[in-house]
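A short worksheet on the structure shown next.
The values are calculated or read from the model by the stated rules, or taken from the named source; none is laboratory data. Just so we're clear, the structure is a prediction, and the values are computed from it rather than from any experiment. Here the Cβ is made from the backbone with ideal geometry for all residues, glycine too, and neighbour counts use every protein chain on show.
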């Protein structure tokens, strides 16, 4: 153990309450070298949900998200196909989609697509758009009510169909842990589908609604995680469970440093995580889905799409500007975390010389 190890452990343990998930490693030279490599090659993407109000109440379009990503030095965008009302990707013409593809390519920006379903009709729709845009990575999540066992069974069936579509079109789907299913249930689905075209998207806060802690959930899903949503949330206790409230990452309840480090280090030779999407969502609220002491096969209530509330106490134009500023603040926060990790790694390597 080097003299830097106590500082390294203290940094990673912040906001963990000593619930660590993946054990903290001995910060040797090989770990420092891998960490520096992962930081240098990280792909940070702008996300439509960080601009939820601008898309819903303003005039934001995908071109605005592309412009933001380029101006902020990001590597791409993650876009939900229904963001933007009538301007959404699902309503774009073929020529408009081709223009978006050309614009992003000229700026050397990648594109990920997202839908909030695993149904065949919506899979087919997002695939149609993906092929026009030259996209290969698509996020989905299971959104059904009823017994958990039935939801899992349906999810397996639909993702097996999605895997066939993925192989046919050279695509990849990631299943997000979206607030109701627990990490081991997501792993059960992925392992039952058993296709390398189907992985997991790890969201920094969505395990809270399912009654799990972030780091153990990450550890359970780790072998299958391919993409990530970065955000900040506060836990809101309700009965025997927790809801989540979207806040700035620097003001949240999550072990940001440890989650980021663990995710960066996944993959022995090459980074396992392809993209980290910046999904700042201040004002987002989602309810409790799983309760402590619940029955073995609980019922998930019917749900509508999640939304972020608009601050009605200030003019709309100011709310929309604030949302853009919040997104810039998130970029600064995440890059600051990365710089802290990079500095630790560089100091460690100086010890080894």
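Evaluate the following for residue 160: is it touching a helix residue (DSSP H, G or I) at 6+ places or on another chain (Cβ under 6 Å) and touching a residue at least 60 places away in the same chain (Cβ under 8 Å)?
Working: touching a helix residue (DSSP H, G or I) at 6+ places or on another chain (Cβ under 6 Å): yes; touching a residue at least 60 places away in the same chain (Cβ under 8 Å): no.
So residue 160 fails the test.
Select, from 283, 293, 239, 232, the only residue that is out of contact with any helix residue (DSSP H, G or I) (no Cβ under 9 Å at 6 or more places or on another chain), touching a residue at least 24 places away in the same chain (Cβ under 8 Å) and under 17 Å from residue 179 (Cα atoms).
On inspection, the qualifying residue turns out to be 239.
Got a number for residues in region 106-127 being over 19 Å from residue 160 (Cβ atoms), within 21 Å of the chain's Cα centre (by Cα) and part of a helix (DSSP H, G or I)?
So the answer is 0.
Among the strands (runs of 3 or more DSSP E) contained in region 182-239, which hold 3 or more residues that are surrounded by fewer than 21 Cβ atoms within 10 Å (Cβ to Cβ)? Explain how you work it out, then say what you get.
On the way: elements: 198-203, 225-230, 232-238.
Counting at least 3 such residues, we get 232-238.
Just give me the residues in region 64-85 being under 21 Å from residue 329 (Cα atoms) and touching a residue at least 40 places away in the same chain (Cβ under 8 Å), in sequence order.
66, 68, 69, 72, 74, 75, 76, 78
All but one of (1) within 12 Å of the chain's Cα centre (by Cα); (2) farther than 22 Å from residue 15 by Cβ hold for residue 204; which doesn't?
Of the numbered conditions (1) within 12 Å of the chain's Cα centre (by Cα); (2) farther than 22 Å from residue 15 by Cβ, the odd one out for residue 204 is (2).
Can you tell me which residue is nearest to the chain's Cα centre (by Cα) among those in region 165-183 that are over 23 Å from residue 212 (Cβ atoms) and in contact (Cβ under 8 Å) with a residue 12 or more places away in the chain?
Looking at the filtered set, the residue picked out is 172.
Restricting attention to region 267-280, report how many residues are surrounded by fewer than 23 Cβ atoms within 10 Å (Cβ to Cβ) and in contact with a helix residue (DSSP H, G or I) (Cβ under 6 Å, 6 or more places away or on another chain).
Residues flagged as surrounded by fewer than 23 Cβ atoms within 10 Å (Cβ to Cβ) and in contact with a helix residue (DSSP H, G or I) (Cβ under 6 Å, 6 or more places away or on another chain) within region 267-280 amount to 2.
In region 130-164, what residues are under 21 Å from the mean Cα position of the chain (by Cα) and over 21 Å from residue 226 (Cα atoms)?
Within region 130-164, 144 is the sole residue that qualifies.
Quick check on region 164-181: of everything there that is at pLDDT 95 or above and not in a helix (DSSP H, G or I), which residue is nearest to residue 295 (Cα to Cα)? Lay out the reasoning, then the answer.
Within region 164-181, the subset at pLDDT 95 or above is 164-176, 181.
Next cut, not in a helix (DSSP H, G or I) only: 170-176, 181.
On the way: 170: 41, 171: 38, 172: 34, 173: 31, 174: 28, 175: 25, 176: 24, 181: 14 Å.
So the residue we want is 181.
Hey, can you tell me all the residues within region 117-143 that are under 18 Å from residue 157 (Cα atoms), in contact with a strand residue (DSSP E or B) (Cβ under 7 Å, 6 or more places away or on another chain) and surrounded by fewer than 22 Cβ atoms within 10 Å (Cβ to Cβ)?
117
Could you say whether any residue in region 249-270 is outside any loop (DSSP other than H, G, I, E, B), over 14 Å from the mean Cα position of the chain (by Cα) and over 17 Å from residue 22 (Cβ atoms)?
Within region 249-270, one or more residues are outside any loop (DSSP other than H, G, I, E, B), over 14 Å from the mean Cα position of the chain (by Cα) and over 17 Å from residue 22 (Cβ atoms).
Which condition breaks for residue 303 when tested against (1) touching a residue at least 40 places away in the same chain (Cβ under 8 Å); (2) part of a loop (DSSP other than H, G, I, E, B); (3) over 21 Å from the mean Cα position of the chain (by Cα)?
All conditions are met except number (3).
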